[in-house]
1. For region 87-97, name all the residues that are open to solvent by 30 Å² or more (accessible area, probe 1.4 Å) and part of a strand (DSSP E or B).
2. Would you mind listing the strands (runs of 3 or more DSSP E) fully within region 162-204 where at least 2 residues are within 40 Å of the chain's Cα centre (by Cα)?
3. Got a number for residues in region 98-129 being of a type in the set (Ser, Thr, Tyr) and either not in a strand (DSSP E or B) or not assigned by the TED database to the domain that holds Arg70 (or both)?
4. Name the residue, out of Val205, Val160, Val179, Val151, that is open to solvent by less than 30 Å² (accessible area, probe 1.4 Å) and either in contact (Cβ under 8 Å) with a residue 12 or more places away in the chain or in the same structural domain as Ile61 (by the TED database) (or both).
5. For Ala425, are the conditions met, namely being open to solvent by less than 30 Å² (accessible area, probe 1.4 Å) and over 43 Å from the mean Cα position of the chain (by Cα)?
6. Quick test for you: out of Gly82, Gly68, pick the one residue that is out of contact with any strand residue (DSSP E or B) (no Cβ under 6 Å at 6 or more places or on another chain) and at pLDDT 90 or above.
7. Could you list, in sequence order, all residues of region 380-401 that are open to solvent by less than 50 Å² (accessible area, probe 1.4 Å) and at pLDDT below 80?
8. Exactly one of (1) surrounded by fewer than 17 Cβ atoms within 10 Å (Cβ to Cβ); (2) over 46 Å from the mean Cα position of the chain (by Cα) is unmet by Glu100. Its number?
Amino acid sequence: GELYVSERLDREEMCGEAPTCSVSFEALVHNPLNVFHVEVAIQDVNDNAPQFPKDSIHFDIIESTPPGARFAVGAAEDADVGRNSLQGYELEANRYFAVEVKEKQDGSKFAELVLRRALDRESEQSLRLVLTALDGGDPPRSSTAQLYINVTDVNDNPPVFAHDRYRVSLREDAPAGSVVLNVSATDADAGINAHITYGFGKMPVKVLQKFVVNSENGTVTLQQALDYEETRSYALLVEARDGGGLVAHCEVEVEVLDVNDNAPEITMLSVSSPVPEDAPVGTMVALVNVNDLDSGENGQVRCELAGEAPLSLVASSGGSYKVNNAAAAPVLRVLARDADAGANGRVSYWLEGGSAGTAPPPVSVESRSGALYAQRSFDYEQCREFAVAIRAQDGGVPSRSSTATVRIFVLDRNDNAPRVLWPTAAEAGGETPPFEVVPRSAEVGYLVAKVVAVDADAGRNAWLSYELLQAPEPALFRLGLHSGEVRTARAVSERDAAKQRLVALVKDHGQPALSATATLHVVLAESLQEALPELSERDAVSELTSNLNVILVVALAVVTVLFVFTVILTLCFKRRRSQ
């Protein structure tokens, strides 16, 4: 029952950028048939370094740009998640620029170049700086990109978008070439400095493959099909650049709408066949799994059985469904074919073997249909499997026949309650029941006794668990759930009663569960000699209690008779006086 990793796990390949990653499957247990839903969480390790889309990034910045101006550098990509993902940026020391880290609504971090000091093209026409991206691993991983900054001549006004952020929804079945939206920006300058061209900023490659923007009019178009089950939203960074090199940015959030484009998939996990005809209602005979990759209402499935059969579907965990059989269903139906026609091809079925004096077979066969029925209730504890030979015979003269062997496996049901072997119950003759002596100096965990029980059933129906049902000092003793061992839960104190009576419950894991109880008498004493007076006192007290009960009953009867007699005399006296 142990699970092993069968091949190297790659969290990034399995789950991409999802914050959590897990693998779910059904674990099937036979004899008895059951299913467990298993979910394995895949934890991330820092095995990927941040990567810039390009090794070199170019900027054209006008010399009159005021300090405080910001320039989007874009974002490095890190396939890891959480703490191991991209955490920040560092810029090579210089006089003009600093780097600041910004965070988008989706949690991704991108760098902005901030001008700290006015540029002077006449003194320095270009700059070359090194930008480093760092993740949060231990030790951290990093990568670098070269920033080439070209200082240009004056361009007074940068482009301005109509909105800083656009939101749009798009169905996942939208065809390639569909228009997503149109963004627009204006520039107060004139001439070449007012000519705006549109493009995408630094974005992941998979996003750039899905969308394209028209450089002249700012129309964003879909160029690859979307898949809601793969990615539910996209964040686009659109930039507008004028002829003088000034750039403005806006964000476009594209929400992908789910479409019912996936049919449910049915997987047969297990089938138990044949099924005993005395199987109770509710017995699971098959397990199927239904999965739909869509989400919401599109991913909700409704299952039903087609045709007429004494079966029903019951929803289980993880998209699984159990098939149940009704009582009195046939055990099996055999089928033989005969190529002849008429009476020569008419097949009848008979049980082979058997003679006078032998026990009747546990099944019978219907001569025309070949259906096998149980003749009596099966008992798993007496017979777990048996085989019968079926003879198929035609109606020709002379008749021809052939035989086939049917092997029937009996499934266990929880029809036996646990039986306690120790401690034994007290005899009806008044003998002293068995007892255990526990020294008052016993430490925590001292083994007092062991409740021993057996169950004639098999499998899960024979798994036993123990629990303490009754104890005068609840905190003094504990009972092992699976071992049945009675141990002290704390140190014995002087306040604890010398005689303790414990009642243990033993139950199996059948459906429904069956149980039995066991009574254990414990005497707190340092030795057996010290415990004997306690037992004698208990017997004396028991005898005295019995005698007192008799005396009380007799006294109550006498008082009742005297009371009735007094009432009668009083009534007679009053009646006589009145006359």
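1. Of everything in region 87-97, those that are open to solvent by 30 Å² or more (accessible area, probe 1.4 Å) and part of a strand (DSSP E or B) turn out to be Gln87, Glu90, Leu91.
2. Details: elements: 165-171, 179-182, 197-200.
Filter on region 162-204 gives 165-171.
3. Step one: of region 98-129, the residues of a type in the set (Ser, Thr, Tyr) are 108, 123, 126.
Checking which are either not in a strand (DSSP E or B) or not assigned by the TED database to the domain that holds Arg70 (or both) leaves us with 108, 123.
Residues that pass the stated criteria total 2.
4. On the way: Val205 fails: open to solvent by less than 30 Å² (accessible area, probe 1.4 Å); Val160 fails: open to solvent by less than 30 Å² (accessible area, probe 1.4 Å); Val179 fails: open to solvent by less than 30 Å² (accessible area, probe 1.4 Å).
Criteria check complete, one pass: Val151.
5. No; evaluated as a whole, the condition is false for this residue.
6. Numbers: Gly82 fails: at pLDDT 90 or above.
Criteria check complete, one pass: Gly68.
7. If the condition is that a residue be open to solvent by less than 50 Å² (accessible area, probe 1.4 Å) and at pLDDT below 80, then Tyr380 is the only one that fits.
8. Condition not satisfied by Glu100: (2).
The values are calculated or read from the model by the stated rules, or taken from the named source; none is laboratory data. Just so we're clear, the structure is a prediction, and the values are computed from it rather than from any experiment. Every residue, glycine among them, receives a Cβ derived from its backbone with ideal geometry; neighbour counts consider all protein chains shown. For the accessible areas, the whole protein counts, side chains as well, though only heavy atoms, and no ligand, DNA or RNA atoms are used. Shrake-Rupley method; radii C 1.70, N 1.55, O 1.52, S 1.80 Å.
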